Amino acid sequence: MKNLTINNRHLSVTDGSTILDAAKKFGINIPTLCHLNGYKPNTSC
């Protein structure tokens, strides 16, 4: 388990989780330009 803080909220997440995945799990929205579920990232991102 890893501990991190987003918007003054202390979170515990499993090893290997991304910050974006952790934020989504806890209902925290982080705007993104190049992340779309179900698609692989392209080289411009």
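Points worth noting:
- Residues satisfying the stated conditions in the stretch 1-35, i.e. surrounded by fewer than 10 Cβ atoms within 10 Å (Cβ to Cβ) and of a type in the set (A, V, I, L, M, F, W, C): Met1, Leu33, Cys34
- Checking each residue of the stretch 6-18 against the condition of being in contact with a strand residue (DSSP E or B) (Cβ under 6 Å, 6 or more places away or on another chain), hydrophobic (A, V, I, L, M, F, W, C) and either touching a residue at least 12 places away in the same chain (Cβ under 8 Å) or in a helix (DSSP H, G or I) (or both) gives at least one match.
Values quoted throughout were computed directly from the atomic coordinates according to the rules given, and no laboratory measurement underlies them. Remember, predicted model here, so these are calculated numbers, not experimental data. Cβ coordinates were reconstructed from backbone atoms using ideal geometry, including for glycine residues, and neighbour counts include every protein chain displayed.
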